[in-house]
Amino acid sequence: QVQLVESGGGLVQAGGSLRVSCATSGLTFRSYNMGWFRQAPGKERDFVAAISYSGGITLRADSEAGRFTISRDNAKNTVYLQMNALKPEDTAIYYCAAGRGYPRIRESYDYWGQGTQVTVSS
């Protein structure tokens, strides 16, 4: 059974940092591209960042350029999202996902976690 479990969310003040993690099991982690998406109340689930199966290629949404960094540890079957200089508009549930297609779109991902809440106070 494939499982993706996010952790590390929480409440942080504007300008602060958080690192969220996604531990996976039940899949050949090193064969999958990994992505992070987020969904704010009443909004679509949007692309945040993605990393190729080898870790050699990373993508980020333009709105996070320079603030968010995605990384992975294939030995630990885990993907990370380091978020710096957080803003209140970053408040959302953050989801990780595993897939093999075009990384910026939700439909490319086969497996999803349950999400972790990130709240940024002003």
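The values are calculated or read from the model by the stated rules, or taken from the named source; none is laboratory data. Everything numeric here is computed off the predicted structure, so don't read it as measured data. Because the Cβ atoms are built from the backbone with ideal geometry, glycine has one as well, and the counts that use them run over all protein chains shown. Ligands, DNA and RNA are excluded from the accessible area calculation, which covers all protein heavy atoms including side chains. Shrake-Rupley method; radii C 1.70, N 1.55, O 1.52, S 1.80 Å.
Listed values, structure above:
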read-out: Two-site label geometry, SER25 and ARG106: point separation in nm, points 7 Å out along Cα→Cβ; value: 2.7 nm
read-out: Sulfur and carbon atoms: percent of accessible area, the chain [1.4 Å]; value: 45 percent
read-out: Heavy-atom surface of the chain, accessible at 1.4 Å and reported per residue (Å²); value: 51 Å²
